[in-house]
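Have a look at the structure below before the remarks.
The values are calculated or read from the model by the stated rules, or taken from the named source; none is laboratory data. What you are looking at is a predicted structure, and each value in this text was computed from that prediction instead of being measured. Here the Cβ positions follow ideal geometry from the backbone for every residue, glycine too, while neighbour counts run over all protein chains shown. Protein only, heavy atoms only, side chains kept; ligands, DNA and RNA dropped before computing areas. Shrake-Rupley method; radii C 1.70, N 1.55, O 1.52, S 1.80 Å.
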Amino acid sequence: LHAPPIAARRNPSVCSPLTESQTRAGRRARLRAFAGARAAPEACSTYLPRSRSTSARALRFSPARRPSRAPSAPSLSRSRVSARAMNPGAYAGKRVDDALARDTTWVPAFETRPPTAREPSPVPSPAKKRAYWMWFAAILCLETAMIRRSTKTLHPGSTGAVKNAFLLHTQALNIAVHLVVDLSALRSLNALHPRWGVFFPETHRGLPALRFSEERAVVIRHFFKLFIRTPVVNCVLLGGKLDGFHAYQVKQLLMMVLSPTFFAALFAVKSIRSLTALALINACFVAACAVSVPFAYKYAPDLRAAFWDTLGPTDDLPRRFAQIAVALAAAPFASRLAVWIFHLDAAPPSPVRALAAIHEGRVPKSVEGPSGMKNQNQNQNQNQNQN
């Protein structure tokens with residue numbers, strides 16, 4: 001047998017095979033060095049092991065903590081990814097439809113805001129939306145026809161009061177302004193598109209409600225309609241000069257105010273606050289027309305004389321216009337009283353109001369009355385018998 005080398009005799013572990021514990025210690029040291037090199041500087045804090053050992057070896061060789069990572073989104077299957085990539089528009093539309101069916105508070109394009117009243121206003125029925133369309137269209141067509149007839153009868157172009165004959169004969173600017181007012185009101189009433197003018201309150205259990213109440217939309221439309229019909233504004237929209245405006249007779253004044261006031265009370269306006277707003281708007285419109293009467297028909301002396309003959313004595317004009325203003329201010333309340341007496345606004349119970357009442361723990365109006373109370377008493381008796 002040959003003797004081992006001198007280095008082996010001095011250090012026997014040089015040539016002898018490594019034990020299992022030495023192999024594991026080397027692997028752990030390499031792993032710790034690798035983990036410490038890859039860890040972030042702020043994440044290189046040590047932690048105590050489960051045995052809570054405070055020895056120098058445990059503190060020295062404790063593995064570094066890796067930086068926390070946000071949970072990743074669940075991966076999509078290959079079929080879903082391919083379908084979305086092939087038709088991204090359909091998938092986006094489906095997401096919007098699903099969100100509108102549940103709740104649109106997370107969709108930026110349909111961000112909701114709190115209602116303007118204490119209780120959310122339900123969306124009008126399809127029949128009522130059609131009625132709004134018919135009302136607005138009939139008023140616009142009637143007004144356009146009356147202006148065309150007055151233009152043919154009075155010939156304002158021959159008096160020098162017309163600045164733009166195209167606007168007078170086509171009524172393009174006048175019709176455009178009326179359409180903007182009407183379409184804005186229809187949008188607020190959810191009569192243009194199912195997603196316009198609505199939000200989704202929690203009390204309605206996913207059903208839509210109007211952002212603005214019907215009363216507010218109708219009152220605002222009433223204000224802008226009468227503002228457009230004031231003599232000075234109407235003259236400018238029809239292409240006339242600023243001081244070449246006309247004036248309204250008493251019959252025209254009554255018809256222009258009473259008709260929209262009655263339909264507003266018939267369709268939507270019910271509260272005292274909204275009725276008072278209509279009354280103030282009517283009174284202000286009469287005052288504006290009365291103030292413009294002495295300056296009307298500046299460029300047509302013959303038309304001015306004929307108009308003053310129809311008004312009667314000039315000394316009695318302030319009192320007559322005051323009486324007209326008071327009568328038209330009382331018109332909203334009288335219209336609402338007539339609608340309530342003759343039950344002109346009778347409509348089937350709204351399911352949205354019923355759901356909201358049930359959610360709040362109240363008995364909806366659709367089940368009140370003798371039959372509703374009878375069913376409620378029967379349910380109470382059954383519950384007592386079961387107990």
Practice prompt. Search the range 124-163 for residues being part of a loop (DSSP other than H, G, I, E, B) and surrounded by 16 or more Cβ atoms within 10 Å (Cβ to Cβ), and hand back the single one that is modelled with the highest pLDDT.
Written response: P124
Fill in: Count of residues meeting criterion [open to solvent by 60 Å² or more (accessible area, probe 1.4 Å) and in contact (Cβ under 8 Å) with a residue 40 or more places away in the chain] in the range 328-343
1
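When you look at A300, is it in contact with a Ser or Thr (Cβ under 6 Å, 6 or more places away or on another chain), at pLDDT below 95 and small (G, A, S), yes or no? Working first, answer last.
Details: in contact with a Ser or Thr (Cβ under 6 Å, 6 or more places away or on another chain): yes; at pLDDT below 95: yes; small (G, A, S): yes.
Taking the combined requirement at face value, the residue satisfies it.
Could you look through the range 177-193, keep only residues that are without any contact (Cβ under 8 Å) to a residue 60 or more places away in the chain and of a type outside the set (A, V, I, L, M, F, W, C), and pick out the one that is farthest from K225 (Cα to Cα)? Spell out the reasoning first.
Of the residues in the range 177-193, the ones without any contact (Cβ under 8 Å) to a residue 60 or more places away in the chain are 178-188, 192-193.
Keeping just the survivors that are of a type outside the set (A, V, I, L, M, F, W, C) gives 178, 182, 184, 187-188, 193.
Working: H178: 7, D182: 9, S184: 12, R187: 16, S188: 16, H193: 23 Å.
Checking each candidate, the answer is H193.
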Worksheet item: Out of all the residues in the range 233-244, which are open to solvent by 40 Å² or more (accessible area, probe 1.4 Å) and either under 28 Å from the mean Cα position of the chain (by Cα) or touching a residue at least 60 places away in the same chain (Cβ under 8 Å) (or both)?
Response: K241
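So for the range 180-203 (the condition being of a type in the set (A, V, I, L, M) and within 21 Å of A288 (Cα to Cα)), does at least one residue qualify? Outline the logic, then answer.
Here is the first cut: in the range 180-203, the residues of a type in the set (A, V, I, L, M) are 180-181, 183, 185-186, 189, 191-192, 198.
Right, trim to within 21 Å of A288 (Cα to Cα) and you get 181.
For the range 180-203, residues of a type in the set (A, V, I, L, M) and within 21 Å of A288 (Cα to Cα): present.
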Fill in: Unique residue being open to solvent by less than 20 Å² (accessible area, probe 1.4 Å), in contact (Cβ under 8 Å) with a residue 60 or more places away in the chain and of a type in the set (G, A, S) when the list is A247, A217
A247
Worksheet item: Of all residues in the range 235-293, which are over 13 Å from S335 (Cα atoms) and in a loop (DSSP other than H, G, I, E, B)?
Response: L238, G239, K241, L242, D243, G244, F245, H246, A247, Y248, Q249
Item to complete: Return only the number of the condition from (1) assigned to a helix (DSSP H, G or I); (2) out of contact with any strand residue (DSSP E or B) (no Cβ under 7 Å at 6 or more places or on another chain) that L192 does not satisfy.
Response: (1)
Fill in: Filter result for V269 (open to solvent by less than 40 Å² (accessible area, probe 1.4 Å), under 19 Å from R229 (Cα atoms) and touching a helix residue (DSSP H, G or I) at 6+ places or on another chain (Cβ under 8 Å))
no
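Taking S366, is it assigned to a helix (DSSP H, G or I), in contact with a Ser or Thr (Cβ under 9 Å, 6 or more places away or on another chain), modelled with pLDDT under 85 and not aliphatic (A, V, I, L, M)?
Values: assigned to a helix (DSSP H, G or I): yes; in contact with a Ser or Thr (Cβ under 9 Å, 6 or more places away or on another chain): yes; modelled with pLDDT under 85: yes; not aliphatic (A, V, I, L, M): yes.
So S366 fits the description; yes.
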